[in-house]
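The values are calculated or read from the model by the stated rules, or taken from the named source; none is laboratory data. Bear in mind that the values here come from a model prediction, so they are computed numbers and not experimental data. Here the Cβ positions follow ideal geometry from the backbone for every residue, glycine too, while neighbour counts run over all protein chains shown. Each accessible area value is taken on the protein alone, full model and side chains, heavy atoms only, with ligands, DNA and RNA left out. Shrake-Rupley method; radii C 1.70, N 1.55, O 1.52, S 1.80 Å.
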Amino acid sequence: MGAQIRQTIDRLIILIQSGFKVVWQAHLSNMGVILPCRQVFFDMYRFLKKKKNTAWGQALRISAIYSLVGALWILLSDKVIEWLIPDPPTLILASLFKGWFYVLASAWLIYLLVRAALRQIAQANLKLSQANRQLAESTDEYRQLYHEYVEKEALIKAMINSIPDLVFYKDPDSNYLGCNKAFEKFVAKSEQEIIGKNDFDLFDGSVAESFRRMDQEMLSLRQSHSNEEYVTYPDGTAVYIDTLKTPYYDANGQVIGLIGISRDITSRKQHEDQVKYLNYHDSLTGLYNRPFFQEELTRLDTPRQLPLSIIIGDINGLKLINDALGHDEGDKLLVNVARILKASCRADDIIARTGGDEFWILLPKTDDEGARRVVERIKSACSAYAREQENDAYYVDISLGYATKIGAEESFVKIRNDAETYMYKRKLLETRSLHSSIIASIKTTLFEKSNETEAHGTRLATMTKQLGQALGLSENDLVALELFSTLHDIGKISIDHDILTKSGSLTDAEWNEIKKHPEVGYRIAQASPELRPISELILTHHERWDGTGYPQGLTGEKIPLLARILAVVDAFDAMTEDRSYRPALPRNEAIEEIRRNAGTQFDPDITRLFLRLIEEASS
């Protein structure tokens with residue numbers, strides 16, 4: 001309805017512009033007013049159209065329409081009635097109806113105009129209410145999303161800070177945007193102090209330059225990049241770090257920065273270095289090992305390195321020292337030999353431990369005379385070391401052989417074999433005298449650390465010889481019996497001094513340690529050509545006639561004869577001499593103890609013969 005009224009008003013305006021223009025101007029002229037009515041009307045129309053969407057414009061529009069319609073009605077209706085009704089009484093009645101019609105028409109017009117304006121207001125209020133409701137919902141949603149964002153950001157930050165690796169992120173210009181706690185510790189600054197800084201603000205120039213170069217390379221390639229770096233903490237601690245840098249992008253795929261993660265790999269690098277070292281070095285001596293020597297031989301066996309010499313050495317008496325003094329002492333010997341070899345050679349010479357007691361030395365650009373001088377230096381150093389030791393058992397001696405490759409056509413395998421052959425010839429000459437020296441020093445050491453005395457050994461040798469002669473032993477057996485009597489307890493050199501000299505009763509563990517000495521003595525004797533014939537005697541000298549002895553539990557005549565002889569003589573001498581754990585027994589009590597144990601501990605026939613010799617000697 002409102003739209004129809006607006007269309008009617010517009011048509012009236014057009015009508016006024018065209019058909020009633022003369023009437024409008026004539027009426028105004030009759031009133032004595034001369035105005036540019038048309039221009040004023042259109043100016044007012046344009047003004048109302050411009051303001052129609054405002055409350056003020058709507059109110060003015062309604063007033064203007066009402067005023068216009070009212071003015072037109074008053075002007076036109078009077079003329080029309082006067083023209084149609086010339087009779088005055090009828091004209092009065094028509095004017096009355098015209099007035100009532102005007103009131104009703106005006107009320108209807110005002111209703112339509114106000115109704116349209118109020119509808120617009122109601123629609124606007126409804127839209128505003130809907131907008132406010134949507135805004136409230138959006139605000140609640142935003143608030144919820146914001147809280148979720150804050151919680152997630154806190155969670156992510158906590159997770160990043162819990163990572164022991166260094167985590168940081170930068171903008172495309174390599175300025176720091178954030179980091180975790182580990183990175184703060186690394187640069188000794190808080191995150192707020194780090195944000196906005198670049199590498200040159202935080203690190204030394206060379207380190208910063210390497211970091212910046214890596215950033216630029218990664219950003220230009222637009223892909224992850226990693227590398228290892230050696231850096232120093234502010235407290236001076238130097239570490240290896242493995243850094244992975246990755247670009248991150250915006251919604252349009254443009255790089256907007258980088259994320260970096262650096263891990264301390266110092267322990268891994270040290271382990272790798274250690275593994276690499278062990279792959280090419282002997283763990284005990286620190287010298288190179290055989291695989292490394294072979295690689296270096298391949299590298300150096302070229303005409304440019306000629307003459308190329310090799311020295312092969314083998315330690316004398318190592319097994320004897322291991323068996324007599326223990327492997328710890330043998331290891332000390334190996335370490336000392338390695339130290340002597342390194343001190344006697346050049347830094348560029350390749351020194352390797354190629355076996356248990358074998359060493360190879362590769363001497364590039366060294367002729368035969370040069371190799372001989374190295375051998376002499378090594379022998380002199382060994383002799384000097386031996387003179388510094390108080391105990392001859394720690395004597396260091398190594399048999400050495402050498403050979404030299406002169407021409408490129410010569411086979412180095414043959415050169416090595418020649419050096420090895422020469423070394424073994426030297427070993428045959430040197431080993432016997434060295435073993436004798438070691439055995440003598442072992443005897444001295446044994447007497448020093450135990451209750452056994454040299455006099456005890458001498459008495460045993462004398463009495464066992466007399467008993468052996470009485471039994472009709474051969475001269476070779478008598479010599480073996482004398483040597484056996486002197487060295488039967490040689491295995492005790494491996495037992496702790498405190499156990500050997502303990503005055504009280506031994507514990508089970510200590511007694512088990514004591515019972516090992518026959519086997520240790522056996523191994524020592526086996527390692528020496530001079531003692532090998534009596535090794536079985538040393539092993540069995542604590543066996544008993546009834547089979548309750550150790551270490552094998554042999555019975556009766558299964559025990560070697562010389563061991564049965566020593567068992568009786570050793571027991572009698574031990575009982576009649578003072579010991580740390582008891583005083584000496586009277587001679588007659590010792591004799592009775594020997595007699596009582598005949599057939600259990602001792603061979604009964606040998607026991608009767610021994611006691612008869614003792615009685616004859618006493619009388």
Checklist entry - Expressed as a rounded percentage, what relative contact order does the stretch 140-209 have, with Cα pairs under 8 Å and six or more residues apart? => result 21
Checklist entry - In whole percent, how big is the carbon plus sulfur part of the accessible area of the stretch 467-619, probe 1.4 Å, protein atoms only? => result 48
Item to check | Rg followed by Dmax, in Å, when the stretch 274-412 is reduced to its Cα trace | outcome: 15.5, 50
Item to check | Chain lengthening between L96 and L118 when straightened (0.36 nm per residue, less Cα-Cα) | outcome: 4.7 nm
Checklist entry - Sequence-distant or interchain residues sharing an amide H contact under 5 Å with A584, placed H: which? => result D578, R579
Item to check | Along principal axes, Cα extents of the stretch 333-390, largest first, whole Å | outcome: 39, 24, 17
Checklist entry - What accessible area per residue comes out for the stretch 467-619, rounded to a whole number of Å², with a 1.4 Å probe? => result 49
Item to check | At R0 = 45 Å, FRET efficiency that the Cβ-Cβ distance of E577 and D328 yields, to 0.05 | outcome: 0.90
Checklist outcome for this item: Here the stretch 552-568 yields Karplus 3J(HN,Hα) values (6.51, -1.76, 1.60; θ = phi - 60°; whole Hz; Gly and Pro given as x) of 9, x, 6, 10, x, 6, 5, 7, x, 4, 5, 5, 5, 5, 5, 4, 5
Checklist outcome for this item: With label points set 7 Å from each Cα along the Cα-to-Cβ direction at A343 and A136, the distance between them in nm comes to 9.6
Checklist entry - What is the gain in length, in nm to one decimal, between E409 and H497 on full extension, counting 0.36 nm per residue of separation less the C-alpha to C-alpha distance? => result 25.7 nm
Checklist entry - Suppose R0 equals 22 Å; then what is the FRET efficiency for V150 and F200 from their Cβ-Cβ distance, rounded to the nearest 0.05? => result 0.05
Checklist entry - Of the cross-linked pairs K189/K245; K332/K405; K427/K465; K427/K516; K465/K558, which ones have a Cα-Cα span greater than 26 Å in the structure shown? => result K332/K405; K427/K465; K427/K516
Next on the checklist: How far apart, in nanometres, would the label points at I163 and L104 be if each is projected 7 angstrom from Cα along the Cα-to-Cβ direction?
Outcome noted: 8.7
Item to check | Highest-first arrangement of 382-388, 420-426, 349-355, where packing means the average Cβ count within 10 Å | outcome: 349-355, 420-426, 382-388
Checklist entry - Once both labels are modelled 7 Å past Cα along the beta-carbon direction, what's the E82-T237 spacing in nm? => result 11.3
Checklist entry - Based on the Cβ-Cβ distance from K365 to Y424, what FRET efficiency comes out when R0 is 25 Å, to the nearest 0.05? => result 0.40
Item to check | Solvent-accessible ranking of R587, R299, largest area first, probe 1.4 Å | outcome: R299, R587
